[in-house]
1. Restricting to region 26-45, what's the tally of residues that are over 25 Å from the mean Cα position of the chain (by Cα) and surrounded by 13 or more Cβ atoms within 10 Å (Cβ to Cβ)?
2. Under the condition of being polar (S, T, N, Q) and modelled with pLDDT under 90, which residue from region 245-281 is most open to solvent (accessible area, probe 1.4 Å)?
3. Return the total of residues in region 140-159 being in a strand (DSSP E or B) and crowded, with 23+ Cβ neighbours inside 10 Å.
4. Looking only at region 289-329, count how many residues are of a type in the set (A, V, I, L, M, F, W, C) and not in a strand (DSSP E or B).
5. Does LYS359 qualify as being open to solvent by 30 Å² or more (accessible area, probe 1.4 Å), modelled with pLDDT of 90 or more and either more than 30 Å from LEU182 (Cβ to Cβ) or not in a loop (DSSP other than H, G, I, E, B) (or both)?
6. Which of the residues spanning region 398-435 are open to solvent by 30 Å² or more (accessible area, probe 1.4 Å), assigned to a helix (DSSP H, G or I) and not small (Gly, Ala, Ser)?
7. Output yes when any residue across region 176-191 is more than 18 Å from ASN378 (Cα to Cα) and under 17 Å from the mean Cα position of the chain (by Cα), and no when none is.
8. If a residue must be without any contact (Cβ under 8 Å) to a residue 12 or more places away in the chain and in a helix (DSSP H, G or I), how many such residues does region 183-233 contain?
Amino acid sequence: MSLVMRKSSPVVVRPSPEPGTTKRVPTIKLSSFDKGLYNMPTTTLLVFEHPLDNAAETIRGALSRALSHYYPIAGRIVASGGDNDDVYIDCNDEGVAFVAASADHALKEVTCFDRSPGARKLLDELAAYYPAMSSCGAGDPLLLMQVTEFSCGGGFVLGVTWNHGVADGAGMGQFLRAVGELAAAAGSPSVAPVRWDPSLPSLPPRVLEAQRHMLSLDPLTDDLAVHDINIPVESINNIKADFSSSSFHGQQPPCTTFEAALAVLWRCRTRAIRRPDDDPATPVMLMFVADVRRHAGAKGGYYGNCIVEQFVVAESGVVADGEFNDVVMAIRRAKDRIPELLKEDDDGGGVVGVQEMCKVRSYDYGCYDTLTVTSWRNLGFEQVDFGSGRPARVTGSGKDLPPSPGAVGFTCDGRGGVSVLSALVREEHADAFLAELAKFT
């Protein structure tokens, strides 16, 4: 598809002069949850199918108002010293970057993502990015926002790229909901924002070590095939019913939609990428991100980072050919151990250690035997409304993919199924992956 996109030069949006919800402070020290992410960009696309009158100007005005309440987002992150012990947000009101764009295609043409070579390039056009692409530089805005309107006049896409150090997904979802409320002429956000919470625990050293290990991995150099995946509600319900009727019945809570969808993806890609001479005992790794606000006792309205990475290492033969409910249970057990990640005195039972991670093969395959997923279910993106209704789709961009094969989304497709944007396999394995996926769809 040949897409003609017209973009304005980025303009700086600063906080409006209206009083904010919280008392201002000049600097905010980053927590141990924030520090490992303070130069990492992340991007989310919100697809709105219904038109909003003068969408770009409406959202830009509301953005300025929201920044008066979420003023740290208009600042800059400063790291002093080589050990990153002193990293903080300078609340200097230097502002965020805003781009207004228009496309010469209808919205439905642009958002029908498929496995074509232009799919990732198409996604790239719907958001603004940092100059270094893979990292946020000193002095860069903490938020880049782009509103793209379409020739059909039937909708728009909001592309949001931000420095992960200032907010996690739940925090950014909270901020965007506030922008929507202010676009609808609300006097102030319904949730009072909190950026600094001194009661948060520090992450234990073993958790930080695992995080550093993942961030240190070199990204795969080969392009991964982009797939827009939909797992129908019928398949999800069949998996849930089978889990409930199995030997786990009465011993475990029902299988969740996320667990079912993730087990499908893990099994399908493990089968698709294995080689004929692979040892079924070869370890494969799954990493998913978990919001731990409830476990950490975070204050209501806190929008800084409060997430951990949880890992599952299993034998490839078990994931590919074992009982499907065992794959679900491996994910379930990892989820159940998440509270243990915050305990300083834990014996390590809740954490997959770096030594175990290093057993996952990396020679000649890069990080190909590691699957990284991020669920945006229940983060609030799907509740954002600027005055013309909530987004029909929340998805990701192709530019800030993790170093290993990854999938983002796991959001509702509007019919009870699950929508996932993925870059899970190399092109050489794409047909095999889709064939495996077809067994569930």
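The values are calculated or read from the model by the stated rules, or taken from the named source; none is laboratory data. Source: prediction; values computed, not measured. Glycine also receives a Cβ, built like all others from the backbone with ideal geometry; neighbour counts cover every protein chain displayed. Keep in mind that these areas ignore ligands, DNA and RNA; they rest on the heavy atoms of the full protein, side chains included. Shrake-Rupley method; radii C 1.70, N 1.55, O 1.52, S 1.80 Å.
1. Total meeting the criteria: 1.
2. GLN251
3. Count: 10.
4. Number satisfying all stated conditions: 11.
5. No, not satisfied.
6. Across region 398-435, the qualifying residues are GLU427, GLU428, ASP431, LEU434.
7. no
8. Counting residues in region 183-233 that are without any contact (Cβ under 8 Å) to a residue 12 or more places away in the chain and in a helix (DSSP H, G or I) gives 2.
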